[in-house]
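Inspection log for the structure reproduced underneath, given as structure tokens.
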Amino acid sequence: MAARVQLGTEGAGALSLRAVARELGMASSAVYRYFKSRDELLTALIVEAYDALGAEAEAGVTVGESSLERWRNGCRSVRRWALSRPTEYALIYGSPVPGYQAPELTVAPASRVLLALAGVLAEASHAGELADDPTTVLPTSIDAEMRALADFATPGVPPLIVAKALVAWNQLYGQVSFEVFGQLHGLVQDTDAFFDFAIDAMAHVVGFRSS
């Protein structure tokens, strides 16, 4: 797709319907029949990227005999997709595009990875596969928010576990982003081993029992 090519060479902020039309050898008016504005084209690219990443994660969490292994494989799927499609990953998890406000229709595609991993978490929680943590107390100021998130993604899971999972989810994207954007260069040579170490550390935070 010409828009993805321009995205990779010029960046999301410079995306232009006229430039896409030139790339395709079309009159700009022809492109406007498909997309009314640059923002509409950008939204289509964002939704496409979120859906592609979500599909990878959903497939990943089906692989493995234990909840912990399915969690690991879901996380690995996110990293694998990001490393193979860095431009699209940067579009959805890089710097915000100046002047662009993502519409509501991006929310469901953006939630697919969260819901895939949340399904594994709920399965592990209901099966008693998460270790108890009597020493950690959830701040009362975020209890209601964690309960609301549980109702959305992990019904029946205690809010403390949901909060820990949200921490791990943030760490997952931080870990992937550091690698995609070159922040680990000169620090870690075996990035595969380091990523597996990181996701096991995240799993420990959530409470998955070792297997």
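Things to note:
- Rounded to the nearest 0.05, the FRET efficiency derived from the C-beta distance between SER177 and ALA201 at R0 = 22 Å is 0.85.
- Nearest-0.05 FRET efficiency for PHE194 and ALA144, computed from C-beta distance (R0 30 Å): 0.25
- Gain in span if fully extended, GLU104 to SER37, counting 0.36 nm per residue against the direct Cα distance: 22.4 nm
- Here the simple spin-label model places points 7 Å from the Cα toward Cβ, and for THR135 and SER210 these points are separated by 1.6 nm.
We did not get these values from a lab; they are worked out from the coordinates using the rules stated. Please read these numbers as outputs of a predicted model, since none were measured by experiment. A quick note on method: Cβ atoms are made from the backbone with ideal geometry, for glycine too, and the neighbour counts reach across all protein chains shown.
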